[in-house]
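Notes follow the structure.
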Amino acid sequence: MKHQIGYRKLNKKPAHRRSMIRNQAITLIDNGHLVTTKARAKEVRIFVEKLVTIARVGNEFNARRRAQAILPYKQETLIRLFKEVAPRYVDRPGGYTRIIPLGRRLSDTAELARLEWV
């Protein structure tokens, strides 16, 4: 049974999985979209929506400190998150991203998806 399993392992060790999701979140925040596999897109969506929820309160010290703890190694991305991305979703109660299916990859038939802001 798969009760109370809250995340996908993505066949990676925990440190590699965490860094991969952080890097893809940085790409999404910087570029506005991300093309990856469907499973990875679902994991990145969870991660990024928590970040946007933290950043929605504005440029407060505690919010910036919490976001810095989650996304520690890209200061320019945090600035962009607080100044450009989060203010668009102040009135929205959740669901800041959408996943658009793109079909299957030819090499290994993995399901591809595009993750973008709503």
Inset, instruction - Determine whether Lys2 is more than 16 Å from the chain's Cα centre (by Cα) and over 14 Å from Ala86 (Cβ atoms). - result: yes
Inset, instruction - Kindly indicate whether Arg66 is among the basic types (Lys, Arg), surrounded by 14 or more Cβ atoms within 10 Å (Cβ to Cβ), assigned to a strand (DSSP E or B) and modelled with pLDDT of 95 or more. - result: no
Legend entry - Per-region count, the stretch 1-24, residues surrounded by 13 or more Cβ atoms within 10 Å (Cβ to Cβ) and in a loop (DSSP other than H, G, I, E, B): 3
Legend entry - Identity of the residue in the stretch 94-118, within 17 Å of the chain's Cα centre (by Cα) and assigned to a loop (DSSP other than H, G, I, E, B), that ends up surrounded by the most Cβ atoms within 10 Å (Cβ to Cβ): Tyr96
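Conditions tested, residue by residue: (1) of a type in the set (Phe, Trp, Tyr); (2) closer than 30 Å to Asp108 by Cα; (3) in contact (Cβ under 8 Å) with a residue 40 or more places away in the chain.
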residue: Ala41; (1), (2), (3): no, yes, yes
residue: Val44; (1), (2), (3): no, yes, yes
residue: Val48; (1), (2), (3): no, yes, yes
residue: Phe61; (1), (2), (3): yes, no, no
residue: Ile79; (1), (2), (3): no, no, no
Inset, instruction - Residue by residue through the stretch 25-49, note down the ones that are farther than 10 Å from Thr77 by Cα, buried (at least 20 other Cβ atoms within 10 Å of the Cβ) and small (Gly, Ala, Ser). - result: Ala41
Inset, instruction - Considering (1) farther than 18 Å from Gln24 by Cβ; (2) surrounded by 13 or more Cβ atoms within 10 Å (Cβ to Cβ); (3) without any contact (Cβ under 8 Å) to a residue 24 or more places away in the chain, say which one Arg56 fails and leave the rest. - result: (3)
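The values are calculated or read from the model by the stated rules, or taken from the named source; none is laboratory data. Quick caveat, the model's predicted, so the values are computed rather than measured. Neighbour counts run over all protein chains shown; Cβ positions are idealised from the backbone, glycine included.
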